[in-house]
Amino acid sequence: MARRLVQLKLRLLRNALHASTAAQVSFLVSTGLAILVAIGTFVVLALYRGQSVSVDVTSVIFTGFAFGWLILPIFVFGLDSTLDPAPIRMPVLLLCGAAYGFVLALASVRIAALAAERRLPELAQIAIRSKL
């Protein structure tokens with residue numbers, strides 16, 4: 001699965017770089033900036049090594065990276081075409097959404113059934129309420 005995702009990502013990157021010279025330039029600039037940010041982060045973390053504030057600084061830095069990793073691709077479609085829904089037809093999107101909801105409902109029912117078998121009525125009620 002991971003191999004397939006890497007292949008997909010590399011194919012998307014290759015196609016994006018063949019699109020225009022501007023895409024190539026922006027890719028090189030963003031790659032250079034990412035390398036500078038990574039080096040800067042390493043230097044900052046190395047400076048705080050052994051100090052009591054190091055855990056706090058590390059937590060703030062990696063939380064910022066995680067939120068940026070999750071949120072930025074949603075708001076900026078021009079950077080990455082992985083999340084762009086434009087090439088997918090609406091019926092396919094609706095079918096996938098319906099299948100996703102159905103799978104979640106089945107999982108909730110299964111959790112409730114397992115909880116009831118183990119005589120945990122509170123867990124069963126929580127699982128059932130979460131889907132209602």
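A short reminder: the numbers here are calculations on the coordinates, not readings from a lab. All values derive from a computational prediction rather than experimental measurement. Note: ideal-geometry Cβ built from the backbone for every residue, glycine included; neighbour counts use all protein chains shown.
Some notes on this structure:
- Modelled FRET efficiency - R0 41 Å, His18 with Gln51, Cβ distances, 0.05 increments: 0.30
- Between the beta carbons of Ile39 and Met90, assuming R0 = 35 Å, the FRET efficiency works out to 0.20 to the nearest 0.05.
- Mean projection area, nm², convex hull over Cα of region 2-75: 6.6
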